[in-house]
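Below is one structure, written out as structure tokens; the observations come after it.
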Amino acid sequence: MKRTTIGLDIAKRVFQVHAVDPASGEVTRRKLQRAEVLQYFAQLQPLLIAMEACGSAQHWGRQFCKLGHEVKLIAPQFVRPFVKTNKNDVADAQAIWTAAQQPEMRGVAVKTEEQQAVLALHAIRERLKKARTAAVNQLHGLMGEFGIELLKGWRTMLPRAAAELDRADSAVPALLQPQLRRQIREVRSLTEQMTEVERQIASWKHRQEGCERIAAIPGIGLLTATAAVATMGEASTFRSGRQFAAYLGLVPRQSGTGGRVQLLGISKRGDKYLRMLLIQGARSVLARSRASKDPSTWLGRLTQRRPRNVAAVALANKMARQVWAILAHNRTYEPNYRLHERAATPA
């Protein structure tokens, strides 16, 4: 028997329910306060609860799964086309319910608390990195106003900046020096905080077999491996590595009609943070790998006929598909997997 589907629009305090009885077609609309949500769904028989994959959706998804319900999280951009007229809670809940009825509608995996905690650590590290970059750039600019040129890179510029401020004949006015010294201490403090966060992420990585296996792929390190495993959730969520790469926005957009399709730039959909990590990892492989300069390899032929940025995105796409294959089929990374596979196939 097909489960009843409920479209649930979540918010901080007010939740909107939309459901249609499969037998009678009767429409149910109900507004719930936050404290009433779990009590309301605990009284219902197991059903399918569809929600937008937005803030706190992962938390509510885990809570509903504990009650025996099935949860489907749908990306907001897939729900928006089903909003008929004005946007409000009632229309949003109905649009979520309608989107959930589509046979090929893709969902977002419900993550465990541990996976979500790892992604939170990544977000904290990214904020610290942006704050450090802003502080370093401001130091460059402010001290440059007084004729002091600092070297690139915070590791080399901090000692030089501190030495310039400690000089008796420093070009920086005494009025400004205390704040610049405080900013130097701030950069060092931010670096220490980032190191502590990275240590926590590394500790989680060593406990995850999947992270260790995909970290063997060239271009995938600590951050990419942990972010990939935590973002993917269950590899079975995606039918193939191609779908996972498309989810990350590493495939071209398409525009066409009348049977003629034009391929454009990458779609840039999905998780932009993981996409950025994969592309940066691909750039490092292009810069250091001998295969990128060997015309007999796939990567070497690619770099010869395509621009470097295009080659980096193509390699990132391949890395994403390798990540899915290793996690979905419980394999280890083999550099020449296809060659081994062909050699093992009888003629």
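Bear in mind these aren't lab numbers, they're just calculated from the coordinates by the rules spelled out. No experiment lies behind these values; they were computed from the predicted model shown. All Cβ positions, glycine included, derive from the backbone under ideal geometry; neighbour counts span all protein chains shown.
Looking at the structure I just gave you, is ARG181 outside any helix (DSSP H, G or I) and basic (Lys, Arg)? So ARG181 does not fit the description; no.
Contact map, the range 279-292: first residue over 14 Å from PRO307 (Cα atoms) and free of Cβ contacts under 8 Å to residues at least 24 places away in the same chain, second residue β-branched (Val, Ile, Thr) and not in a helix (DSSP H, G or I), Cβ cut-off under 9 Å, separation 6 or more or different chains; pairs are ARG290/THR297; ALA291/THR297.
Note on the range 100-115: residues that are more than 20 Å from ALA246 (Cα to Cα) and crowded, with 16+ Cβ neighbours inside 10 Å amount to 2.
Tally up the residues in the range 220-273 that are in a loop (DSSP other than H, G, I, E, B) and either at positive phi or not small (Gly, Ala, Ser) (or both), please. So that I can check it myself, show each step before the final result.
We begin by selecting, within the range 220-273, every residue in a loop (DSSP other than H, G, I, E, B); these are 220-221, 233-234, 238-240, 248-251, 258-259, 267-271.
Next cut, either at positive phi or not small (Gly, Ala, Ser) (or both) only: 220, 233-234, 238-239, 248-251, 258-259, 268-271.
The qualifying residues number 15.
For every residue, the table says whether it meets (1) exposed (fewer than 13 other Cβ atoms within 10 Å of the Cβ); (2) of a type outside the set (Phe, Trp, Tyr); (3) under 31 Å from the mean Cα position of the chain (by Cα).
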site: HIS18; (1), (2), (3): no, yes, yes
site: VAL37; (1), (2), (3): no, yes, yes
site: GLN43; (1), (2), (3): yes, yes, no
site: LEU48; (1), (2), (3): no, yes, yes
site: MET51; (1), (2), (3): no, yes, yes
site: ALA57; (1), (2), (3): no, yes, yes
site: GLY61; (1), (2), (3): no, yes, yes
site: PHE64; (1), (2), (3): no, no, yes
site: LEU67; (1), (2), (3): no, yes, yes
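Identification of helices (runs of 4 or more DSSP H) wholly contained in the range 1-106 with 3 or more residues that are farther than 23 Å from ASP271 by Cβ and of a type outside the set (Phe, Trp, Tyr) yields 37-42, 89-100. As a summary of the residue check, LEU263 satisfies the conditions (1) farther than 22 Å from GLN115 by Cβ; (2) free of Cβ contacts under 8 Å to residues at least 24 places away in the same chain; (3) surrounded by 13 or more Cβ atoms within 10 Å (Cβ to Cβ) except for the one numbered (3).
Listed here are the residues, each with its yes/no results for (1) surrounded by fewer than 19 Cβ atoms within 10 Å (Cβ to Cβ); (2) of a type in the set (S, T, N, Q).
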{"position": "GLN193", "(1), (2)": "yes, yes"}
{"position": "ILE201", "(1), (2)": "no, no"}
{"position": "ARG207", "(1), (2)": "yes, no"}
{"position": "ARG213", "(1), (2)": "yes, no"}
{"position": "ILE220", "(1), (2)": "no, no"}
{"position": "ALA227", "(1), (2)": "no, no"}
{"position": "ALA230", "(1), (2)": "no, no"}
{"position": "ARG239", "(1), (2)": "yes, no"}
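A single member of GLN63, GLN45, GLN39, GLN33 is in contact with a helix residue (DSSP H, G or I) (Cβ under 7 Å, 6 or more places away or on another chain) and not hydrophobic (A, V, I, L, M, F, W, C), and it is GLN63.
Among the residues of the range 152-178, which ones are of a type in the set (Asp, Glu) and either assigned to a helix (DSSP H, G or I) or in contact (Cβ under 8 Å) with a residue 60 or more places away in the chain (or both)? Hits for the range 152-178 are GLU164, ASP166.
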